[in-house]
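Read the structure below first, then the notes.
Taken together, the values in this text are just the output of simple stated rules run on the coordinates, not laboratory data. Being a predicted model, the structure only gives us computed values, none of them experimental. With ideal geometry, Cβ positions are generated from the backbone for all residues, glycine too; neighbour counts draw on all protein chains shown.
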Amino acid sequence: MSARPLIIPCVDIQSGRAVRLYEGDPDRETVYFESPLDAARHWVRLGAGLVHLVDLDAATGRGENRAVIALIAQELGVPVEVGGGIRSREAAEELLRLGVQRVVIGTAAVKHPELVGELIAAHGPERVVVSLDARRSEQGVLDVATHGWAQGSGIHVADLTPALADAGLETLIFTDVSRDGTLKGLDRDLMRQVRQLWVNTLIVGGGVADVQDVHLLEDERIEGAIVGRAIYEGTLPYPVPQ
Ligand code: AMZ
């Protein structure tokens with residue numbers, strides 16, 4: 001028997017509110033909570049031991065939500081991981097100083113991969129996560145998206161994972177951009193493909209819809225998933241039933 005996957009509730013923050021986007025499109029948002037702190041507290045009350053926060057405005061270059069993220073990190077009482085717009089060592093270290101348990105690096109892991117090794121060397125692998133968010137190209141290649149998913153990089157996930165492992169990275173997040181926020185369910189072939197590329201802890205996102213997806217994660221020995229819309233809409237009960 002493999003371990004039960006860890007389901008990590010996600011609070012995506014845009015213009016100061018807790019939202020979900022459809023396929024990452026900032027203009028297709030659903031607002032779930034006016035206050036991101038209330039959203040995070042809601043999941044903690046239901047048993048979350050870790051909450052995933054995304055500063056969408058920082059990821060897309062439209063602004064930032066640092067103050068509310070700092071507030072959540074200080075008030076929540078459980079660890080948070082934060083992604084979105086962390087593109088420099090200074091930005092990462094400011095969040096770590098504010099009490100964020102781990103920083104999630106996306107664009108910078110593609111554009112300045114040496115940053116990942118530097119942060120791991122300075123703060124340890126438990127405080128640094130990389131998120132590779134990708135779309136399948138027509139050739140079936142996983143093209144990593146950057147800058148709030150507005151841009152493709154032309155780089156395949158498989159071209160980045162060996163150097164990330166060499167840099168000492170333990171936890172990789174992989175997001176299927178084409179399913180994120182859609183409730184379409186996980187793509188099993190894609191999950192298998194990514195599992196083969198990463199032997200350490202793998203957390204996936206994008207498309208988790210219901211309990212069947214949790215079973216899929218278990219079957220494919222994927223350690224966890226970041227879940228948004230499914231738990232906000234209730235298509236996946238949270239906490240996930242045994
Ligand atoms: O939904 C989006 N458009 C989006 C999103 N959720 N764009 C980026 N992100 C998240 C990534 C990762 O956690 O999943 O932001 C983080 C990466 O940000 P950056 O600025 O490092 O690329």
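So what is the relative contact order for segment 1-120, in percent, with contacts set as C-alpha pairs under 8 Å and at least six apart? Let's see the in-between values first.
Working: 195 pairs, mean separation 24.1, N = 120.
Computed over segment 1-120, the figure is 20 percent.
For the chain, what is the calculated [θ] at 222 nm in deg cm²/dmol (nearest 500), taking -39500 (n - 2.57) for each run of four or more DSSP H residues and dividing by its residue count?
So the helix-based figure for the chain works out to -9500 deg cm²/dmol.
Once the dipole of segment 192-236 is set up with Lys and Arg at +1 and Asp and Glu at -1 on Cβ about the Cα centre, which of Gln196, Gly228, Val214 lies farthest towards its positive end?
Gln196
Calculate, in nm to one decimal, what Glu90 and Arg188 gain on full extension: separation in residues at 0.36 nm each, minus their alpha carbon distance.
31.5 nm
Can you put His42, His52, His215, His147 in order, fewest other beta carbons within 10 Å first?
Details: His42 20, His52 27, His215 11, His147 17.
Lowest to highest Cβ neighbour count: His215, His147, His42, His52.
Rounded to the nearest 5, what % of the DSSP beta bridges within the chain are antiparallel ones? It would help to have the intermediate numbers written out before the result.
On the way: 14 of 46 bridges.
Just about 30 percent of them are antiparallel.
Where the centroid of each part is defined by its Cα atoms, how far is segment 175-242 from segment 36-74 in Å?
Centre-to-centre distance over Cα atoms comes out at 20 Å.
Let me check against my output: what whole-number percent is the relative contact order of the chain, with C-alpha pairs under 8 Å and at least 6 apart?
20 percent
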